[in-house]
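For reference, the structure is listed below as structure tokens.
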Amino acid sequence: MGQDQRRALGRIFIGALIALWVGACSMAVQLAKPPNLYLDGKNYPDTLVPPELQVVSPPIFYITDREPEREDGRVTGYGTDRSDAMAFGAAEVQFGAMDWRDLVARTHVDRAGKLSRLDVKGLREVVRFNDTPLADERRDGGLRVLPQTEAEYSTQTKVFQSAIRDEVRRTGNGRVLVYAHGVSNSFEDSLLTLANLWHFSGRRSTPIAFTWPAGNNGLLGYFRDREAGDFSVYHAKEFLRMIAEIPEVEDIDIVAHSRGTSVMTEALRDMVIFNRGRGLAPKTAMKTGTLILAAPDLDVGVVRQRLLSERFSEAFEQVNIYVNPDDIALRLSSYLTKHPRIGAAEDEDFKPGEVQNLRKQGLIHIIRVEETASGDSHSYFRGNPAVLSDIVLALRTRAFPGGTLRPLEEDPDFIWRLHPNYPLERLPEIEIESLR
């Protein structure tokens, strides 16, 4: 076989693998199967859901730097092109149920794979920010944003903050739940996945999707999406800063999937360094709570040098990292980059004693997901009833792994093990604080 033929076959092979990867990252978003946690008809806190949110068409908020799609001058959606300006808005997400009681029933009962539809029924763009970087000039020995531009950006920020403040006052939910998606996800995908996470975790938070310009098609779509994620880091940082400045916001929980973990951790790392430079404790200044990294598409060495070296984890109540060594998409990423991804890491990918040291610190928890189906090996966090159960327990109870409320088992290598039938009968009925 000639060299040209080998190259052609190599391109075909890589193309097939990338197509497989895209299929693993993009998945029809419906109401997920009920978490194992809820299958016995207990534990879902339906009576504690704020009355304003006991509906089948709740608002899901979003911040995006996707280029808008318009009809008759009105924003009707967002595509895969980049925008230098962030936009904030609210979408109405329709759950496939007749009413609230029917939806609660569907939350408890597995209907033999007959999943309810989820649909984005409409959206309203509330405010569009100025393009970044903001216009500036050199004066007083440094670069300063032009006064008019600074005033405009400040006004736009206040519109965003006022809308979130109003929602917190309306519902009593001072905790914010942020979701950042991975590659090959559309704007609608991000809203519907967040709707799943928010609903199953008890609707006791204000949900906001950070949706960046992913979803590029074609052989090079994954690489274009990766670049789009890098593009969005500054906007993610600004978004998180603006939320933390709202007095009514108490805590910010963050769930990030796949390449969205890179977008969020880079933004959060910058904020940690910035706040330390101001002499502030990062967790207090950032109001960060639980950080969940699901199937993270992150280079193990980069995590070690850019996050662990900066003592990144001390900015959170806890960091939960879900890994699956059989993750098809991340195994491909490791093959392409020649470096292991932490979301598919195996024992040999860690330095001797490294995981044990993290375990002693008690902030970072590595959780190995067992026996995922091949088609679910990368997107298990939103469709696997066992994984979804643990994410829900982490968000609802704030409990660490291994205790009564999160009965994970620890392997000798100090990695937590998540069985497909977790949490079995080991979990007592959850008692939750009163609504207000």
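Couple of notes before you dig in:
- Among the candidates ARG101, ARG117, ARG74, the residue that is of a type in the set (D, E, K, R), within 24 Å of the chain's Cα centre (by Cα) and at negative phi is uniquely ARG117.
- Residues considered: ALA329, ALA294. Of these, the only one that is over 25 Å from LEU393 (Cβ atoms) and touching a Phe, Trp or Tyr at 6+ places or on another chain (Cβ under 6 Å) is ALA329.
- Being at pLDDT below 95, surrounded by 18 or more Cβ atoms within 10 Å (Cβ to Cβ) and within 22 Å of SER205 (Cβ to Cβ) is true of LEU405.
- Of the residues making up the range 151-173, one or more are part of a loop (DSSP other than H, G, I, E, B), in contact with a helix residue (DSSP H, G or I) (Cβ under 9 Å, 6 or more places away or on another chain) and surrounded by fewer than 18 Cβ atoms within 10 Å (Cβ to Cβ).
- Restricting the range 60-79 to residues that are touching a residue at least 24 places away in the same chain (Cβ under 8 Å) and surrounded by fewer than 19 Cβ atoms within 10 Å (Cβ to Cβ), the residue that is farthest from LYS121 (Cα to Cα): GLU67
- Some residue of the range 218-231 being within 28 Å of HIS108 (Cα to Cα) and in contact with a helix residue (DSSP H, G or I) (Cβ under 7 Å, 6 or more places away or on another chain): no
- Annotation: of all residues in the range 290-319 being surrounded by 23 or more Cβ atoms within 10 Å (Cβ to Cβ) and touching an Asp or Glu at 6+ places or on another chain (Cβ under 8 Å), the one that is nearest to MET271 (Cα to Cα) is LEU291.
- The one condition in (1) assigned to a strand (DSSP E or B); (2) over 19 Å from THR193 (Cβ atoms); (3) open to solvent by less than 50 Å² (accessible area, probe 1.4 Å) that ASP119 fails to fulfil: (2)
- Pairs are defined by a Cβ separation below 7 Å, a sequence spacing of at least 6 or placement on different chains, a first member in the range 230-247 that is farther than 16 Å from ARG66 by Cβ and in contact (Cβ under 8 Å) with a residue 40 or more places away in the chain, and a second member that is open to solvent by less than 10 Å² (accessible area, probe 1.4 Å) and aromatic (Phe, Trp, Tyr); the pairs so defined are MET242/PHE160.
The values are calculated or read from the model by the stated rules, or taken from the named source; none is laboratory data. Treat the numbers as computed from the prediction; the structure is a model and nothing was measured. Cβ sites come from the backbone with ideal geometry, for glycine too, and all protein chains shown count toward neighbours. Calculation scope for accessible area: heavy atoms of the full protein, side chains included, ligands and nucleic acids excluded. Shrake-Rupley method; radii C 1.70, N 1.55, O 1.52, S 1.80 Å.
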